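Engineer: Got a structure for you, questions after.
Any read-out appearing in this document is the output of simple, stated calculations on the displayed coordinates, not a laboratory observation. Everything numeric in this text was worked out from a predicted model, so none of it was measured. Please note: Cβ atoms are built from the backbone with ideal geometry, for glycine as well, and neighbour counts cover all protein chains shown.
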Amino acid sequence: MAEIAEVQKPEIKKREPLFGPKERKLITDPLNDNNPITVQVLGICSALAVTTLVWPSFIMAIAVIFVCAFSSLFTSLLRNRIPKQVRMIVQLVIIATLVTVVDLTLRAVDYDVSRQLAVFIGLIITNCIVMGRLEAFAMANRPWRSFLDGIGNGLGYGGILLAVALIRELFGKGSLFAGSPIEWKIIGPSADYMLDTEAISWLGWYQNNNLMVLSCAAMFIIGIFIWIHRTWNPKLVDVS
Amino acid sequence: MTTVVALVLALLATGLKDIHERNEAIYNKKALLTAIESYLENPAKDLEDEEVINIFDQQVQQIVIDHQGNQIEGVLAEDIELAKEKDKPEAERQYPVYVFNSPKGKVYIFSVRGSGLWDAIWGSIAIEDDFSTIAGAAFDHAGETPGLGAEIKDNPSFSAQFVGKKIYEDDGEYVSVTVRKGGAKDPEHEVDGISGATVTGDGVSKMLYSGLKNYEPYIESVQSSNKTSN
């Protein structure tokens, strides 16, 4: 967090390009060095809960990217008018509005998924990533950059969400994208081999691992991700 | 700012209300059709919205009964919410019955509701016209644990076990169907529980026992009227 703030000192005099290196860094930083889940360990609650299936996780990721980006944008636009004492409440109103918009839209567009995600769309309001970015970044930066920062953090969250969900659904249910227009049953006894049955029927030996469906599997997987991430990126080891 | 926010949300909510209601109705109807999946050409979840509405328009008769089994005129079964009925005194409760007219005979779909480990569970039980053999079952839940209690909905092999079970003994005694931890012992009235989901399983047993019991007066009245017409 500290290094972001340093890099992002606003320079008002010079007119900057819309997609300069700093802007690019806003998007890529949360994907790696400052990933909200594996580095900052925020937003774990929903990451454990919704990642049993890939498709709802995908929708959830899009919802968080949307909320994160636009709440950053609006907060940043209002940042000089928000009194310090009530800034949290103002931020909450913005987040809650956007989340309600997402919830209402999702219920109209894909009712099944909105039933699966149930309470977790509403809980985006309390997702630490969103409010954390508003406090740490959007309150002190210009709208365009805050918007990019929101997208970046949403992507960083969504990427991990999808990776966890891919592992959990594949090994827990033997399928991928269940509930979406393209539903694959890949391994396990219920696999409907898209190709020649004889050719790949050996995949049928797999027994679905129920542990993967339980929340604790997500905990293990995220833990392993954090481990791999730190081994692969030595910069992170010095931070703590 | 509050005004803007309120305006935006109010507009969106009213604008999408019709779509929400339609989606919800179709979701509930699909859940009902899951219970009689073996009578349909395609699995219920692959049905298009229009097909669901068509099946309901052409093959499903909606009946509402009171606690004594008498039919109530002028009400549609889909307007009855069991969650609300449960809060009423017993004498005022109404129960929905969906009669599915299939080429193989009539199937009666009864709605039941109970509680699982964390929250409410509910289901649709389809019963053949002998009023004892279960033709199919579908369950849903508000917040059971994924991988454990949630399997009552997610795992089709759980609800598939109910097909062919009988809710009455041969001598006419009402026994319902029980979810048995550690494996079913009575092939006619028991199904296997889900390991790790004992409380949800017990909830299903209780829900079935008390839920289907509500329909006993109706079953008796239909059976006696069938006898006289024969």
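Engineer: Where does chain B land at 222 nm, in deg cm²/dmol rounded to the nearest 500, when only DSSP H runs of n ≥ 4 count, each adding -39500 (n - 2.57), divided by all residues? Can you show the working numbers first?
Structural biologist: On the way: 7 runs with 88 residues, N = 230.
Theoretical 222 nm ellipticity from helices: -12000 deg cm²/dmol.
Engineer: Moving to a separate point now. Quick one: among B:Leu16, B:Leu33, B:Leu148, which has the greatest mean-square fluctuation in a GNM of chain B with alpha-carbon springs under 10 angstrom?
Structural biologist: B:Leu16
Engineer: So, one more: Give the distance, in whole Å, between the Cα centre of the range B:138-176 and the Cα centre of the range A:63-138.
Structural biologist: Comparing the Cα centres of the range B:138-176 and the range A:63-138, I get a distance of 39 Å.
Engineer: A further question follows. To the nearest 10 degrees, how steep is helix B:49-59 against the longest Cα principal axis of chain B, on a 0 to 90 scale?
Structural biologist: 40 degrees
Engineer: What is the average number of partner chain Cβ atoms found within 10 Å of a Cβ in A:206-212?
Structural biologist: Working: counts 0, 0, 2, 1, 7, 1, 1.
For peptide A:206-212, the averaged partner shielding equals 2.
Engineer: Sticking with this structure for a sec: Suppose the Debye formula is applied to equal point scatterers at every Cα of the protein assembly as shown; what is log10 I(q)/I(0) at q = 0.06, 0.07, 0.09, 0.14 Å⁻¹?
Structural biologist: Per q value, in the given order, log10 I(q)/I(0) is -0.35, -0.47, -0.73, -1.33.
Engineer: Placing unit charges on C-beta atoms (Lys and Arg positive, Asp and Glu negative, everything else neutral), compute the dipole magnitude of the range B:60-229 about its Cα centre in debye, rounded to 20. Before the final figure, lay out the partial values.
Structural biologist: Working: 16 positive and 28 negative charges, 40 e Å.
Approximately 200 debye in magnitude.
Engineer: I've got another one for you. Quick one: net charge around B:Leu16, please, counting Lys, Arg +1 and Asp, Glu -1 for every other residue with C-beta under 15 Å from its C-beta.
Structural biologist: Numbers: positive: A:Arg107, B:Lys17, B:Arg22; negative: A:Asp103, A:Asp110, B:Asp18, B:Glu21, B:Glu24.
Here the charged neighbours net out to -2.
Engineer: In addition: Sort B:64-77, A:29-42 by the packing proxy (mean of other Cβ within 10 Å over each peptide's residues), most packed first.
Structural biologist: Descending packing order for the listed peptides: A:29-42, B:64-77.
Engineer: Beyond 18 Å, what percent of the Cα pairs of the range B:1-77 remain?
Structural biologist: Values: 1715 of 2926 pairs.
Every Cα pair in the range B:1-77 considered, those over 18 Å come to 59 percent.
Engineer: How much of the pair distance distribution for the range B:60-229 lies past 25 Å, counting alpha-carbon pairs only, in percent? Show your work: numbers first, answer last.
Structural biologist: Working: 4373 of 14365 pairs.
Above the 25 Å cut-off, the range B:60-229 has 30 percent of its Cα pairs.
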